[in-house]
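> Below is the structure I would like to discuss, written out as structure tokens.
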Amino acid sequence: MPGLRYPSEADWKHAIKTGIAGSLAVFLADLFHLPQGYWAAISAVIVMQSEFDATLKFGMTRMAGTAIGALVVIPFAETMHGNILAFGVAVFITVVICAALKLEESQRLGAATVALIMLIGHPEAPWLTAIYRFLEVSFGIVVSLLVTRFIWPANIRPRPADPTNTDA
């Protein structure tokens, strides 16, 4: 087991930013009356990285998988909610679509979305649950991106001067 180390300044900043993003996501989701706003917080925390580009990459991966899983599961959940064979087929289709679109990193997230919508009881119609799930996840990702961009941005560097610019 590796030894312990004292967290660096970057670790402290990342921890603070992650806490802010998660809290802000759930606060705003509640403010907008999203039914399961905790998915916004979970998404914000999961995709949060120290650098904006990395947060964007993880966020887009999560958003793509969630969108594909939500779209695929709707007809299955509407007609065969809780059916294990239908669930397996929906997961299979989701993974194949992600692969066909070269979104291999989104496959697990899409499959997890299928499971969350199809296997868990929800008071609203499955298509509405799918829409809310996508919106809540997307909301959390946007909050994480904003926090990463505007609170201690790690990878925003001044652009080098343009040597062809004669106005300077």
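The values are calculated or read from the model by the stated rules, or taken from the named source; none is laboratory data. Note that the coordinates shown come from a computational prediction; the quantities given were computed from them, not determined experimentally. Positions of Cβ are backbone-derived with ideal geometry, glycine not excepted, and every protein chain shown enters the neighbour counts. Keep in mind that these areas ignore ligands, DNA and RNA; they rest on the heavy atoms of the full protein, side chains included. Shrake-Rupley method; radii C 1.70, N 1.55, O 1.52, S 1.80 Å.
> State, in angstrom, two size descriptors of the stretch 1-65 derived from its alpha carbons: Rg to one decimal place and Dmax to the nearest whole number.
14.0, 45
> Could the peptides 115-125, 70-80 be put in order, highest first, of the mean number of other beta-carbon atoms found within 10 Å of their residues?
Working: 115-125: 15.1, 70-80: 20.0.
In descending order of packing, they fall as 70-80, 115-125.
> Determine the gain in length on full extension of the stretch Ile20-Phe32; use 0.36 nm per residue of separation and subtract their C-alpha separation, reporting nm with one decimal.
Values: separation 12, 0.36 × 12 = 4.32 nm, distance 1.79 nm.
Value of the extension gain: 2.5 nm.
> Another one. With the full set of protein chains in place, find how many percent of the accessible area of the chain is carbon and sulfur; take the probe as 1.4 Å. Intermediate results must be reported in sequence, preceding the final value.
Working: 7010 of 10080 Å².
Taking all protein chains in place, the chain shows 70 percent carbon and sulfur surface.
> Could I ask something else about it? Pairs of Cα atoms under 8 Å, at least six residues apart: use those to get the relative contact order of the chain, whole percent. If you can, show how the numbers build up before the last one.
Values: 220 pairs, mean separation 55.9, N = 168.
33 percent.
> So for Phe58, Phe52, what's the accessible-area order with a 1.4 Å probe, most first?
On the way: Phe58 95, Phe52 35 Å².
My answer, sorted largest first, is Phe58, Phe52.
> Measuring with a 1.4 Å probe in the full set of protein chains, what accessible area per residue, in whole Å², belongs to the chain? It would help to have the intermediate numbers written out before the result.
On the way: 10080 Å² over 168 residues.
Ligands and nucleic acids excluded, the result is 60 Å² per residue.
> Using 17 Å as the cut-off for backbone N distance, which residues of the stretch 126-140 belong to the label zone defined by a point 7 Å from the Cα of Arg149 along Cα→Cβ?
The answer is 138-140.
> Counting each pair of different Cα atoms once, what's the Kirkwood radius of the chain in Å, rounded to one decimal? Mind showing how you got there, number by number?
Working: mean 1/r = 0.0571 Å⁻¹.
With all distinct Cα pairs of the chain included, I get 17.5 Å.
> Test of the criteria: in the stretch 13-110, which trypsin sites (Lys or Arg not before Pro) are in a DSSP loop and have at most 15 other Cβ atoms within 10 angstrom of their Cβ?
On the way: sites: Lys13, Lys17, Lys57, Arg62, Lys102, Arg108; in loops: Lys102.
Answer in residue order: Lys102.
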